[in-house]
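Engineer: Structure provided below as structure tokens; questions to follow.
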Amino acid sequence: MTNDARPPGDPPRTDLTRRDFLGGVALGVGATLAPLALGGCESAAGSGPHVAAQDLPGYYPPTLTGLRGSHPGSFEVAHALRDGRAPPAPLETSEIYDLIVVGGGISGLTAALLYRDREPDARVLVLENHDDFGGHAKRNEFWLDGGLQLMNGGTYSIESPRPYSAIASGVLERVGIRAEELGTRIQKHDFYESLGLGAGTFLDRETFGSDELLRRAKDAPWSRVLAASHLGERVRREIAALEDAPRDYLPSLAPATKKAFLETLSYRDFLLKTVGVDPLTARFYQQRTHGLWGVGTEAVSALECWATGLPGFAGMKLPPGSSESMGETAAGFADTGGSVDVHLPDGGATVARALVRALVPEALKAGGIDDLVSARVDYARLDRGGAPTRLRLNAIVTRVANVDGGVRVEYQRAGRGYALNARHAVLACWNAVIPHICPELPPAQKAALHELVKTPLIYANVAVRNWLPWQRLGVASIHAPGGYFADTYLNECVAMGAYATPTDPKRPTLVRLVRTPCMPGLPEHEQNKIGRAEILATSFERYEQEIRRQLDRMLGAGGFDATRDIGAITVNRWPHGYAPEFNPLFQKLVPEGERAHVRGRARSGAITIANSDAASKAYMDAAIEQAHRAVGELFSA
């Protein structure tokens, strides 16, 4: 396999080997610019003749490997601010805007677009602390044997627990994205199944006694899957009963009473105390809740697990629909079954690109949504003097304040401070940082913002020589109940414009591993804080070791050899990942207007707040809707 970190337009190398990777960072044009991407020089008007990193030839963050997501250089200034260390005195610039947006994710880009829709002649500046736009909607590019392969570095899909509102779907259509049409056209949901590949479950020896990969074809009964397993007879019987034999575990209770009871206990307690399973059976399901909630089954209610399809409830005759004590994810799926679910080749990054193309057309060639997937962004055109909308990367905002006539914004870039002014500001960054950059907010509002603790996440994307081991073992995905990474997937098969996921198992492909670090037994937000600290303290080398070890153990019987077969690794770390939802196990139910996310998003003069945190809902439609609300507030007297 050839690994080439160079962006499109550069001649591909054919001689890269493992030695071309240092700490997981490919030594190509894209990677050699990493230090500049983290700092660079200022090009703002009035600040001198310096050239910003994003304006240099070859600047192309999507091809960088190693530690991405919240990469080194994107958060240290914010942490210093949190710790009480003052930033350098800012240089006063001559820049004046109608709107400054703090944060270039989906919500921030949407806010810029909606503001421009209201005032077509408005001058807008978006300040983004990362070296790329998109927020969580990041794009990882890999050039394998001369061909482009894509994987989401964060936001996975256009999907939500409820159908998209007219506001959210309208913004997507405004930039050329029609989710229902794409969902039926580009996704090949049955591709791996057509090759005989099913879902795998890897039992590790530390938890279950010996390493073992179970394979389950679609609709195969678990009794058959487990028949030859080394698991004890009781555990095999209990798993098969939960999965295949519906039973009412609360026969003496009325249906509505059952639901009220299930919302008061965790799914783990439901299994152990209500169903009465062996602790090892409960351990088999421990990490099944990680994907949606980032914590184990002891920190998610049994009722929410019912709403999202975990086993054990099929025979209990529970009435349909949500309860008021459910979080948004479970409630939405219980009520509606969810929105259209569309995975684009780079996840939510295509949406971010579509928004950027609408805001800064010079940075991306005109065309349809299919052309956008394989297009190259001209980063040097994102922040041009005189342009109606400018997008400035590697710019960490340190202060936003109401002043006479509007707002004053200070930010830091490459160790230097700058100050500028605008009529309005939208804070589309994470709630956790807002109290530190906007100290004038009332103490009660700051406290509300701090209550919203986000879920930490790791998305590791791995380029492999081929996927023959998966084919030999008959699996396209693997869940590891005791694994360092809970879930592993072959790249979803999609075909969109000139781009297509490889369909030949002899060819290179991408593999995605997901980890949500937590500390079972503690309240959800305490687990989140510990997981965040772990993410920031974990080196790329540790992640690489765990990836290699786990893939070898899961796939070794199929001929996989990490030393030979892994060509590149990108670890997207998100210490502040999912927006938090209401959790009935740890929080008191209060009226909507009294909830922390509502109190925290209150307008302050010419400053409004837009992010998924402000909706307490970790989905793209929430980010869009909150941008719509925040911009509307700026124009309401």
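Engineer: Mind running the shape call on region 578-633? Use the C-alpha gyration tensor, a ≥ b ≥ c as the square roots of the eigenvalues: rounded below 1.5 for a/c, prolate if a/b tops b/c, oblate otherwise. Intermediate results must be reported in sequence, preceding the final value.
Structural biologist: Numbers: a/c = 2.81, a/b = 1.51, b/c = 1.87.
Oblate.
Engineer: For the ranges 603-610, 383-390, what's the packing order if you count other beta-carbon atoms within 10 Å of each residue, average per peptide, and put the highest first?
Structural biologist: Details: 603-610: 22.0, 383-390: 16.9.
Highest to lowest by the protection proxy: 603-610, 383-390.
Engineer: Next question. Give the distance, in whole Å, between the Cα centre of region 233-288 and the Cα centre of region 517-543.
Structural biologist: That distance is 28 Å.
Engineer: Shifting gears a bit: On a straight-distance basis, which lysines could pair with K138 in a cross-link, Cα separation under 27 angstrom, same-chain partners fewer than 8 positions away excluded?
Structural biologist: K188, K365, K454, K529, K617
Engineer: Just one of [x] 43, 33, 22; [y] 40, 31, 21; [z] 67, 28, 22 is semi-axes √(5λ) of the Cα gyration tensor in Å calculated from these coordinates, so which is it?
Structural biologist: Evaluating semi-axes √(5λ) of the Cα gyration tensor in Å on these atoms matches [y].
Engineer: I would also like to ask the following. Report the local net charge at R205: Lys and Arg +1, Asp and Glu -1, summed over other residues whose C-beta lies under 10 Å from its C-beta. Numbers along the way, then the final one.
Structural biologist: Details: positive: R553; negative: D204, E206, D211, E212.
Local charge sum for R205: -3.
Engineer: Turning to a different aspect of this structure: How would K273, K529 line up from fewest to most surrounding beta-carbon atoms within 10 angstrom?
Structural biologist: Values: K273 11, K529 17.
In increasing order of surrounding Cβ atoms, one gets K273, K529.
Engineer: Taking other Cβ within 10 Å of each residue's Cβ, how do C305, C493 sort, fewest first?
Structural biologist: Values: C305 26, C493 20.
So the ranking, lowest neighbour count to highest, is C493, C305.
Engineer: Can you tell me, using C-alpha contacts under 8 Å and at least 6 residues apart, the relative contact order of the chain as a whole percent?
Structural biologist: Numbers: 1423 pairs, mean separation 141.5, N = 637.
So the answer I get is 22 percent.
Engineer: Moving on. For the chain, what is the calculated [θ] at 222 nm in deg cm²/dmol (nearest 500), taking -39500 (n - 2.57) for each run of four or more DSSP H residues and dividing by its residue count?
Structural biologist: Values: 25 runs with 192 residues, N = 637.
-8000 deg cm²/dmol, from helical runs alone.
Engineer: Once you have a ≥ b ≥ c as the square roots of the Cα gyration tensor eigenvalues for region 223-336, tell me rounded if a/c is under 1.5, and otherwise prolate or oblate according to whether a/b is larger than b/c. Intermediate results must be reported in sequence, preceding the final value.
Structural biologist: Values: a/c = 1.96, a/b = 1.50, b/c = 1.31.
Prolate shape, in that a/c is at least 1.5 and a/b is the bigger ratio.
Engineer: If you take every DSSP beta bridge whose two residues both sit in the chain, what share of them, in percent to the nearest 5, is antiparallel?
Structural biologist: Numbers: 58 of 86 bridges.
Just about 65 percent of them are antiparallel.
Engineer: Among F586, F142, which comes first, second and so on when ranked by fewest other beta-carbon atoms within 10 Å?
Structural biologist: On the way: F586 13, F142 26.
Placing the least packed residue first, the sequence is F586, F142.
Bear in mind that the values in this text are calculations on the coordinates, not laboratory data. Remember, predicted model here, so these are calculated numbers, not experimental data. Here Cβ is always computed from backbone atoms with ideal geometry, including for glycine, and neighbour counts include all displayed protein chains.
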